[in-house]
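To keep things clear, I will list the structure first and then write my remarks on it.
Please treat every number below as a calculation from the coordinates, not as lab data. As the structure is a computational prediction, the values presented were derived from the model and not from experiment. Quick reminder, even Gly has a Cβ in these numbers, built from the backbone with ideal geometry, and neighbours come from all protein chains shown.
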Amino acid sequence: MSPGKIFIPIGIGLAIVAYFIISDYNEQKEALSAISWTWRSTMWFAVALIMVALRDVGYMIRIRILTDNKLNWRQAFDVIMLWEFASSITPSVVGGSGVAIFIVNRENIPLGRSTAVVMITAFLDELFYVLMVPLVLLIVGLDNLFPVSMQKEFFGYMLGAREIFIVGYLFILMLISAIWLGIFKFPNSARALIIKVFSIGFLNRWKKGAEETGNDLVITSAELKTKPLSFWIKAFVATFLSWTARFWVVNFLILSFTIIDISLLDHFLIYARQLVMWVILLISPTPGGSGIAEVAFSGFLQEFIVPSGLAISIGVIWRLISYYPYLLMGAIILPRWIQRVYLGRKLITFKKPES
């Protein structure tokens, strides 16, 4: 979680963007000159910024719900910002969940419960995706979902965008099934597995901690099973708010810059293609999907952007307001957070003795 690592994704992203801008300089120049910024543009851009904020507000509400409000708003803000920071500087295929467990734990949440909380957030995120994909496909259909030719090799097999999406969707189904089984159905088996893993020779030094984590996980599982339906509804509504706001950022950005009218069906199609993009970004080897995200944005959404040369520019703006701020916030918050929760240093104000 070194702040210095922010230069890696920034460098990758800028290199990719520079390549596309230079290679299509004339088209980019003509597209930018065609922009006529109006009050309507300002309004939709402001709404896009509101969506960015709502995404984080939803995450903060959810983390407080899942920890039974043991985190105050300041703690929830720090946790979410550092979680996003960790996700931004690690390859997308790795993610920031491992770091998130540590972050939540340092806010005086037992390690087993921290593990369960992070796993449940993953469960809710994937559940949103699993439910939203078929719902959106009923509206837009499958034929218009894959506008670009994209290939990736998996275990010796070349897969296109459609196949990558299907494999990713099936993997997410397996993931939420594993989380549900580990936390809600067989927590004792999950505990035994954790202990078994940390009984391996070079991991044995952490076995005692693993046993405590397993015990906390079992206790947390029993507690979560007693939660009322309203608890889970609130947690899922917060998840729905966050992810819907995340995807709507792009819809409102396109409304800000494009010079054509976009129908309601087109908005659903933009939303649906972002669902596909998200799976592809999940397998990105670059930090936070840097470089891959900008390319995918142009490939999937340029047909909704007129003039089409603006696709790369809007993709850059999308990343500027929805990705790079977390690099900056993380670099600012991390040292102060370490001072607050890890080193335990506090500023002490001394009063002058009364005479």
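Quick notes on this structure:
- Pairwise label distance in nanometres, R205 with K227, each label 7 Å out on the Cα-Cβ vector: 3.5 nm
- Ranked for footprinting exposure by Cβ neighbours inside 10 Å, fewest first, V237, V276 give V237, V276.
- Label positions at W73 and S41, each projected 7 Å from the Cα along the C-beta direction, are separated by 3.5 nm.
- Sorted by Cβ neighbour density within 10 Å, fewest at the top, the residues I283, I254: I283, I254
- Scanning residues 5 or more positions from T90 or on other chains, those with amide H under 5 Å from its amide H are G288, with H placed 1.01 Å from N in the peptide plane.
- Phi-based couplings in Hz for region 65-77 (Karplus 6.51, -1.76, 1.60; Gly and Pro marked x): 4, 6, 9, 6, 6, 6, 9, 7, 5, 5, 5, 4, 4
- Residues E212, E294, E163, E107, sorted so that the one with the fewest Cβ neighbours within 10 Å comes first: E212, E163, E107, E294
- Legend: calculated FRET efficiency, L175 to I317, from the Cβ-Cβ distance at R0 = 35 Å, rounded to 0.05, equals 0.65.
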